[in-house]
1. Can you work out ³J(HN,Hα) from phi for every residue in segment 196-210, in order, using Karplus 6.51 cos²θ - 1.76 cosθ + 1.60 and θ = phi - 60°, giving whole Hz and x for Gly and Pro?
2. Which of the peptides 376-384, 290-298, 139-147 is most tightly packed, and how do the rest follow, going by the mean number of other Cβ atoms within 10 Å of each residue?
3. Report the gain in length on full extension from ARG255 to THR235: 0.36 nm times residue separation, minus Cα-Cα distance, nm rounded to one decimal.
4. Which order do the peptides 334-345, 239-250, 4-15 come out in when sorted by mean C-beta neighbours inside 10 angstrom, highest first?
5. Using the crude model of +1 on Lys and Arg Cβ and -1 on Asp and Glu Cβ, and no other charge, please compute the dipole size for the chain relative to its Cα centre, in debye to 20.
6. Considering only lysines 8 or more places apart in sequence, or on different chains, count the pairs in the chain whose C-alpha atoms sit under 20 Å apart.
7. Hey, rough spin-label estimate for SER412 and ALA390, points 7 angstrom out along Cα→Cβ, what's it come to in nanometres?
8. In nm, to one decimal, how far is the modelled label at GLU129 from the one at SER272, with both set 7 Å along Cα→Cβ?
Amino acid sequence: MKVLVIGSGAREHALVRGLSADPDVSAVVAAPGNPGIDLIAQCEPLADVCDAAAVLAVAARHTVDLVVVGPEAPLVAGVSDALREAGYAVYGPSAAAAQLEGSKSFAKEVMASAGVPTALAHVCTTMAEVEAALDALGAPHVVKDDGLAAGKGVVVTDDREAALAHARACLAKPDGQLVVEEFLDGPEVSVFCICDGTSVRALSPAQDFKRVGDGDLGPNTGGMGAYSPLPWAPTHLSDWVIEHIAQPTIDEMHRRETPFVGTLYVGLAMTSRGPRVVEFNARFGDPDGQVSLARLVTPLGTLLYAAATGRLDDADDLHHRPESAVVVVLAAEGYPAAPVPGGTIEGLDAAAEVPGAWVLHAGTRRAEDGRIVAAGGRVLDVMAVGADLASARDTAYRAVSCLELAGGHHRSDIALAAARGEIHIPGSDT
Ligand code: AMP
Ligand code: GLY
């Protein structure tokens, strides 16, 4: 089987790596890919991942059997639809199904119809509605832009003025709409559900670190690190998520005649009243997807092809290795506010030589003289596996210490609290 992967980040690098390891995958092509992917697969230029005609041309040129669409933007833009209409097996939802990520209010409406546990929410289009919702739900306030905002659309604050200011900015956009939500306490978990339109399988849960600084300080980012498994979480959490969240959601999408084929990313808060959905995304998380995928033993190409062709029921159950996986993100100077591009990266070979570690490229570019330079906010994902979280994080940080990027920064506490047994679900005595 020949597979085409659309995208250029560390998530796509991880997908290419996983697909290449599947004996039933004969070749992997990535468009546009990145300098890390280029070492293990063929990269094809693609100026705009949302340009369906250009994606179709790459798929046709390589006569691929399966297309895996990595990021949310091409999904919401309908690239999967164009590929499916042309007869390709596609792993990635239609534009209509990707609205589970593309519109927070749509996701809330589907959750309500499907009986999925989530935060109480008010959809608002005027400041009067916002004020009433803030009063009804109380502090801390959670105000979310309705549309895609690359991780920057959500403000969580005790400060009513800050909540109102964010609301004003959201409503000032064309067709501005927002959601005011009840605050959910408790640690967050990401569960990646592989869906074929009617059936669901779930990867082992991961935890993501969204804030830029140690101790969860500073602004939100796309994610600064992650780990899996979660020793503090209930043992059968993935099964619980399938039964109470993913399957009812998939059934509801099927009932609406917009079946969901691809990854339903269930972002949960483990609250004192049980798990509640914080968000749905329509793709693997980045970097949290990378640690779940690193532990997946089930051949990835076969699995995603089964999902893309509606035959997940015929596929074997998912298997994960018992070892722990940790990823630490190396970000460019100035990230997330104003990342500085062009910094030279040194030490990639030394980092990859650390036993148990490997490096995924998140935002890099090969300069004309052959140097690898930073070309994005998040630059590299340093991955590691180990017998337990403590050893995986030790390996990851040893590999991080081999890398040099002027002004680059990373968190030093990824998976630390979990390795020390310091994470607790509110109201539970575990
Ligand atoms: P979202 O874009 O919906 O994933 O939100 C981004 C981040 O904001 C989440 O990962 C949470 O850390 C935080 N967040 C979102 N919704 C809530 C909520 N209802 N209560 C507490 N924190 C939230
Ligand atoms: N790491 C969070 C996300 O991919 O949205």
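What follows is calculated from the coordinates using simple rules that are stated; it is not laboratory data. Being a predicted model, the structure only gives us computed values, none of them experimental. We place every Cβ from the backbone using ideal geometry, glycine too, and count neighbours over all the protein chains shown.
1. 10, x, 10, 10, 9, 10, 10, 6, 5, x, 10, 10, 9, 10, 8
2. Descending mean neighbour count gives 376-384, 290-298, 139-147.
3. Going from the current span to full extension adds 4.1 nm.
4. Packing order, densest peptide first, comes out as 4-15, 239-250, 334-345.
5. 320
6. Number of lysine pairs found: 11.
7. Going by the 7 Å Cα→Cβ label model, 1.9 nm.
8. Taking the two extended label points, one gets 3.1 nm.
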